[in-house]
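The values are calculated or read from the model by the stated rules, or taken from the named source; none is laboratory data. The structure presented is a predicted model; accordingly, all values stated were derived computationally and were not measured. FYI the Cβ positions are ideal-geometry reconstructions off the backbone, even for glycines, and counts take in every protein chain you see. Please note that ligands, DNA and RNA were not included when accessible areas were found on the heavy atoms of the full protein model with its side chains. Shrake-Rupley method; radii C 1.70, N 1.55, O 1.52, S 1.80 Å.
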Amino acid sequence: MLRKLLFATAALLSLNSYSQCLADAGPDQHMCQTFSSMDTLTLGGFPTASGGQSPYTYQWSIDPFSLGSTTFDASVFLDDTTLANPKLQSSWDTEMTFYLKVTDALNAVCHDTVKITASSFASHLASMSFTINAGD
């Protein structure tokens, strides 16, 4: 009888126990950009969330900053701040940190960060020439 009771208790506990929620914002990445194009980067791991209890909700953010009366947040730079693997649409600085917050179905929350560095090749190769017009 004791053996059956222990087996039933162990089976009940295993049905209702979940592992810890884990967030993976992916590896730090570097991108190159010019006046007309930029690398396409996808944030987040594969998978971006694990453990806990699915389904998961995702929230990507940055430390917001202001220029004049305009405040910039992650929605300016990512195609969708609620996707597991959003695409980086633009960059502001040579270094940005994105914060990932994952919430699972049991309202457990886990966090991770990813740093994006950038090189800007915004110079041009046009030549400069000067002309002195006749009579000047």
ask   = Yes or no: Ala118 assigned to a strand (DSSP E or B) and at pLDDT below 90?
value = yes
message = Being hydrophobic (A, V, I, L, M, F, W, C), modelled with pLDDT of 85 or more and over 10 Å from the mean Cα position of the chain (by Cα) is the filter here; which residues of region 23-45 pass it?
response = Ala23, Met31
query = Between a first residue in region 37-48 that is within 13 Å of Leu83 (Cβ to Cβ) and a second residue that is aliphatic (A, V, I, L, M) and surrounded by 13 or more Cβ atoms within 10 Å (Cβ to Cβ), which pairs have beta carbons less than 6 Å apart while being 6 or more apart in sequence or on different chains?
reply = Leu43/Val114; Gly44/Ala84; Thr48/Ala84
ask   = Hey, does region 56-63 have a residue that's modelled with pLDDT of 95 or more and of a type in the set (Val, Ile, Thr)?
value = yes
ask   = Do you know which of the residues in region 50-66 that are buried (at least 18 other Cβ atoms within 10 Å of the Cβ) and out of contact with any Leu (no Cβ under 7 Å at 6 or more places or on another chain) is nearest to Ala84 (Cα to Cα)?
value = Tyr56
inquiry  = I'd like the residue in region 74-95 that is open to solvent by less than 70 Å² (accessible area, probe 1.4 Å) and in contact with an Asp or Glu (Cβ under 9 Å, 6 or more places away or on another chain) and, out of all such residues, is farthest from Val114 (Cα to Cα).
reply    = Thr81
